[in-house]
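Q: Sharing a structure below in structure tokens format, with a few things to ask.
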Amino acid sequence: MPRHDCLGCAFILLLCSTGLADSPGARVEGKEILIEFDQDLHSRVIAKFDGQEIRLDGFSPSEFITVAGKEIKDFVLTEQHLSHVGAETQYQITGTAQSLKKTVTVTLNDTEFPSMAVFEVQYTNTGARDVKVNGWTNNAYSIHAAAHRQAPAFWSYQGGSYERRPDWVLPLKAGFRQENYMGMNASDYGGGTPVADVWRPDAGIAVGHLEMVPKLVSLPVSMPDVEHATVAVSFRQDRVLKPGETLRTFRTFVTVHRGDYFAALTEYRRMMIRQGVRFQPAPDSAFQPIWCAWGYERHFKPSQILGALPMVKKLGFTWVGVDYGWETADGDWSLAPAPFPRGDADMKALVDRIHAEGLRAQLWWLPLGTRPEAQLAQNHPEFFLLNRDHTKRKISFFDDFYLCPAVPAVVEYHRKLVSKIIGDWGFDGLKLDGMHMNGAPPCYNPAHQHARPEDSVEAMPQFFKMIFDTARGLKPDALIEWCPCGTAASFFTLPYLNMSVASDPESSFQVRSKGKTLKALHGDGTAYFGDHVELSTEHDDFASTVGVGGVVGSQFIWPVGSGSDAQFNLTRHKEEIWAKWLRIYKEQMLSKGEYLGGLYDIGFDRPEAHAIRKAGNLYYGFYASEWKGPVELRGLENRDYIVSDYETSKTLGSVRGPVARLDLGLQKHLLLKAQPQ
């Protein structure tokens with residue numbers, strides 16, 4: 001939705017201009033969303049579904065500014081205007097408080113985005129003195145528990161990144177609060193997707209910003225008591241607003257939905273695409289299973305990788321990942337002499353052997369980090385990202401320092417490395433790793449001459465675009481896997497990869513919920529990797545990856561005893577399990593299907609369920625520690641289907657759509673296929 005800075009332009013039709021005498025408040029009404037403002041410009045959001053209005057809560061101060069440490073929340077409504085431009089309807093609402101005029105412009109597009117309202121808020125200093133601004137808040141709403149409240153009352157999606165690596169999708173409890181700051185929440189953990197969502201069984205509300213680059217906003221979510229939850233978009237901004245000057249907030253939005261957060265994230269993606277974001281479809285090779293040599297850890301030998309290739313081929317893996325430990329030091333990226341005594345010749349020979357087996361080769365790499373002892377750090381101190389006190393910024397997990405992504409020489413250094421890895425050594429793909437990739441802190445290095453310290457924050461997506469474009473320029477089907485180590489993936493980087501990852505999941509639920517989240521954010525055209533199965537809850541849960549349409553992978557050790565960590569040994573028993581699931585994965589290839597994230601609510605539907613459509617068939621994954629009772633098969637057409645368990649190949653009978661119910665029992669998971677008769 002483009003900006004309309006001049007409501008007086010000839011092509012805009014001014015429909016009304018009313019003051020307080022004509023109206024007790026203002027209404028912003030779309031097809032599925034209604035926002036009502038009272039005389040203090042407090043507002044409330046009402047969802048409109050199937051002809052019914054669902055009031056989420058009462059009036060609250062939704063857009064306000066902080067001045068000299070005090071929140072100015074009450075603005076007396078003075079004026080409102082309505083205009084139309086094409087399919088868009090625009091409301092402009094004005095209010096005053098002290099020496100400030102607030103103008104709230106809300107844009108609706110019932111044709112493309114019937115449940116979303118886009119906000120542009122500005123504050124003008126109408127007084128004779130400077131106003132010291134500390135920040136602003138938009139779209140601060142409360143949502144009340146449903147009338148027939150159940151426990152939990154709310155579920156939430158939250159896009160903040162934290163060192164403790166919490167679930168992105170979680171039930172709320174009274175007393176909960178999380179800021180979801182999109183900047184750094186630890187030395188090397190930050191960034192994320194600027195959307196927060198809270199929903200109850202009948203409706204949900206999501207807020208976020210629509211800027212085209214990362215911004216250092218917070219999206220706090222709280223549950224202050226057993227009856228309420230809150231969401232908001234806030235931004236700290238210390239500046240002086242001189243007389244006559246105007247402060248404009250970022251473009252923000254509110255959207256309402258039924259079901260869980262999947263609908264809101266999908267709408268956010270669609271809006272960002274409308275504004276110019278482009279996702280490139282992944283090559284077919286991105287959907288093939290991955291074996292990674294990380295089971296041998298940092299001190300691997302090429303002979304260990306080569307020794308495992310017969311089993312890699314036998315089981316049906318396509319990708320062979322050479323992981324951490326090939327380099328002399330992070331930052332230098334020359335070959336370590338112990339595994340590669342002949343340097344480049346040895347690395348090329350390893351890649352050639354992998355190719356000779358009909359497999360593809362992928363190399364682990366940690367961009368934008370350097371060890372302090374690396375030659376790069378010694379020779380190019382001007383590359384460092386510096387904190388406000390001019391100390392180097394630490395990537396704590398790897399004991400590295402940040403390089404600044406906004407420095408052209410840093411970008412060029414990494415471009416040459418991509419060219420060497422793909423063009424000279426012959427690798428077919430990259431595994432980009434590190435939580436620090438998800439977001440950069442502001443850079444205060446005077447040598448960089450940044451216009452603003454936030455230049456480094458906003459440069460991250462373009463840095464990864466360079467890697468993506470360079471690799472694909474050398475090999476159009478190059479795999480670019482992006483693994484930001486447990487952080488809540490930054491939406492702004494997702495267009496510049498063709499494989500997202502569960503990213504060091506700490507449970508099978510994280511494998512599934514991250515899969516649902518990422519498929520909402522980047523769509524089905526990008527591959528989603530469930531990460532190494534050894535990271536799942538019981539270390540062998542392929543079903544969680546398969547059932548959400550993820551790509552399967554493993555870091556097994558073979559022959560048994562050829563590595564130092566026995567937990568990764570591929571024993572005879574595990575070989576049978578791995579072989580079974582690789583066969584199922586390749587037979588069904590659900591990773592190339594259409595993930596139907598809107599059919600089931602991951603929070604309130606039990607058992608947890610996921611659905612995929614492929615070649616006219618519907619595939620269902622049900623998950624619970626134990627379940628006995630009815631399950632619903634949603635999304636069917638009004639016709640007959642044969643239902644089978646595609647894990648066991650057992651036929652369960654016939655059902656008729658559009659919604660079918662079966663009484664079933666399951667432990668851990670149940671994977672069903674509904675095939676039209």
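The values are calculated or read from the model by the stated rules, or taken from the named source; none is laboratory data. Source: prediction; values computed, not measured. Cβ atoms come from the backbone with ideal geometry, glycine included; neighbour counts cover every protein chain shown. Remember, those area values only see protein heavy atoms, side chains included, never the ligands or the DNA or RNA. Shrake-Rupley method; radii C 1.70, N 1.55, O 1.52, S 1.80 Å.
Q: Which of the residues that make up segment 384-434 are without any contact (Cβ under 8 Å) to a residue 60 or more places away in the chain, touching a Cys at 6+ places or on another chain (Cβ under 7 Å) and part of a loop (DSSP other than H, G, I, E, B)?
A: Residues satisfying the conditions are Cys404, Ala406.
Q: Restricting segment 89-129 to residues that are among the aliphatic types (A, V, I, L, M) and over 18 Å from Ala232 (Cα atoms), which is most open to solvent (accessible area, probe 1.4 Å)?
A: Looking at the filtered set, the residue picked out is Ala128.
Q: Here's something else I'd like to know. Restricting attention to segment 596-618, does a residue exist that is touching a helix residue (DSSP H, G or I) at 6+ places or on another chain (Cβ under 8 Å) and hydroxyl-bearing (Ser, Thr, Tyr)?
A: Taking every residue of segment 596-618 in turn, none turns out to be touching a helix residue (DSSP H, G or I) at 6+ places or on another chain (Cβ under 8 Å) and hydroxyl-bearing (Ser, Thr, Tyr).
Q: Would you be able to tell me the number of residues in segment 342-397 that are out of contact with any His (no Cβ under 9 Å at 6 or more places or on another chain) and more than 27 Å from Glu297 (Cα to Cα)?
A: Counting residues in segment 342-397 that are out of contact with any His (no Cβ under 9 Å at 6 or more places or on another chain) and more than 27 Å from Glu297 (Cα to Cα) gives 12.
Q: Which residue is farthest from Leu582 (Cα to Cα), if the candidates are limited to segment 604-618 and must be part of a loop (DSSP other than H, G, I, E, B) and open to solvent by 10 Å² or more (accessible area, probe 1.4 Å)?
A: Phe604
Q: Something else now. Just to check your reading of the model, which residue among Ile305, Ile273 is crowded, with 18+ Cβ neighbours inside 10 Å and not in a loop (DSSP other than H, G, I, E, B)?
A: Result of the check over Ile305, Ile273: Ile305.
Q: Identify, by number, the condition in (1) more than 15 Å from Leu417 (Cβ to Cβ); (2) more than 33 Å from the chain's Cα centre (by Cα); (3) not acidic (Asp, Glu) that His380 doesn't meet.
A: (1)
Q: A further question follows. Taking only segment 625-638 into account, find how many residues are buried (at least 16 other Cβ atoms within 10 Å of the Cβ) and either over 15 Å from Ala660 (Cβ atoms) or modelled with pLDDT under 95 (or both).
A: The qualifying residues number 1.
Q: Further question: Name the residue that is nearest to the chain's Cα centre (by Cα), counting only residues in segment 247-270 that are assigned to a loop (DSSP other than H, G, I, E, B) and closer than 20 Å to Ala488 by Cβ.
A: Restricting to residues being assigned to a loop (DSSP other than H, G, I, E, B) and closer than 20 Å to Ala488 by Cβ, the top hit is Tyr261.
Q: Can you pull out the residues in segment 193-210 that are touching a helix residue (DSSP H, G or I) at 6+ places or on another chain (Cβ under 9 Å), under 14 Å from Leu172 (Cβ atoms) and of a type in the set (A, V, I, L, M)?
A: Within segment 193-210, just Ile205 meets the criteria.
Q: While we're here: For segment 509-551, enumerate the residues that are within 18 Å of Glu647 (Cα to Cα), in contact with a Leu (Cβ under 7 Å, 6 or more places away or on another chain) and among the aliphatic types (A, V, I, L, M).
A: Listed by number, the residues that qualify are Ala543, Val546.
Q: Kindly list, by first and then second residue, each pair from a residue in segment 335-352 that is free of Cβ contacts under 8 Å to residues at least 60 places away in the same chain and more than 14 Å from Gly325 (Cα to Cα) to a residue that is part of a loop (DSSP other than H, G, I, E, B) and open to solvent by less than 20 Å² (accessible area, probe 1.4 Å), limited to pairs with Cβ atoms under 6 Å and residues at least 6 apart or on different chains.
A: So the pair list comes out as Asp346/Phe340.
Q: Something else: Can you tell me which residues in segment 400-454 are open to solvent by less than 40 Å² (accessible area, probe 1.4 Å) and charged (D, E, K, R)?
A: Within segment 400-454, Asp400, Asp428, Lys431, Asp433 qualify.
Q: Right, here's the next one. For segment 217-229, how many residues are assigned to a strand (DSSP E or B), out of contact with any Phe, Trp or Tyr (no Cβ under 7 Å at 6 or more places or on another chain) and more than 10 Å from Val207 (Cβ to Cβ)?
A: Residues that pass the stated criteria total 3.
Q: Further question on the same structure: Residue by residue through segment 356-383, note down the ones that are part of a loop (DSSP other than H, G, I, E, B) and acidic (Asp, Glu).
A: Residues satisfying the conditions are Glu357, Glu373.
Q: Here's a follow-up. Hey, does segment 487-496 have a residue that's of a type in the set (A, V, I, L, M, F, W, C) and free of Cβ contacts under 8 Å to residues at least 40 places away in the same chain?
A: no
Q: Go through segment 583-603 and give me each residue that's assigned to a helix (DSSP H, G or I) and open to solvent by 10 Å² or more (accessible area, probe 1.4 Å).
A: Arg583, Lys586, Glu587, Gln588, Lys592
Q: Only one of Asp531, Asp524, Asp504, Asp477 is outside any helix (DSSP H, G or I), at pLDDT 95 or above, touching a Ser or Thr at 6+ places or on another chain (Cβ under 8 Å) and surrounded by fewer than 24 Cβ atoms within 10 Å (Cβ to Cβ); which?
A: Of the residues listed, the single one that is outside any helix (DSSP H, G or I), at pLDDT 95 or above, touching a Ser or Thr at 6+ places or on another chain (Cβ under 8 Å) and surrounded by fewer than 24 Cβ atoms within 10 Å (Cβ to Cβ) is Asp477.
Q: A further question on this structure: Regarding segment 548-559, can at least one residue be identified that is modelled with pLDDT under 95 and either closer than 28 Å to Gln280 by Cβ or surrounded by fewer than 19 Cβ atoms within 10 Å (Cβ to Cβ) (or both)?
A: No, segment 548-559 has no match at all.
Rundown of residues vs (1) within 25 Å of Pro61 (Cα to Cα); (2) touching a strand residue (DSSP E or B) at 6+ places or on another chain (Cβ under 8 Å); (3) open to solvent by less than 30 Å² (accessible area, probe 1.4 Å); (4) of a type outside the set (S, T, N, Q), yes/no style:
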position: Val131; (1), (2), (3), (4): yes, yes, yes, yes
position: Trp155; (1), (2), (3), (4): yes, yes, yes, yes
position: Gly159; (1), (2), (3), (4): yes, yes, yes, yes
position: Gln178; (1), (2), (3), (4): yes, yes, yes, no
position: Asp188; (1), (2), (3), (4): no, yes, yes, yes
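Q: Given the condition touching a strand residue (DSSP E or B) at 6+ places or on another chain (Cβ under 6 Å), open to solvent by less than 50 Å² (accessible area, probe 1.4 Å), at negative phi and part of a strand (DSSP E or B), answer yes or no: does some residue in segment 322-342 qualify?
A: Yes - at least one qualifying residue is present in segment 322-342.
Q: Mind telling me which of the residues Gly665, Gly629, Gly621, Gly635 ends up being in a strand (DSSP E or B) and on the phi > 0 side of the Ramachandran plot?
A: Of the residues listed, the single one that is in a strand (DSSP E or B) and on the phi > 0 side of the Ramachandran plot is Gly629.
Q: Considering only segment 49-75, state which residues are part of a strand (DSSP E or B), open to solvent by less than 40 Å² (accessible area, probe 1.4 Å) and either under 18 Å from Gly259 (Cα atoms) or of a type in the set (S, T, N, Q) (or both).
A: Selection gives Phe49, Ile54, Ser60, Thr66.
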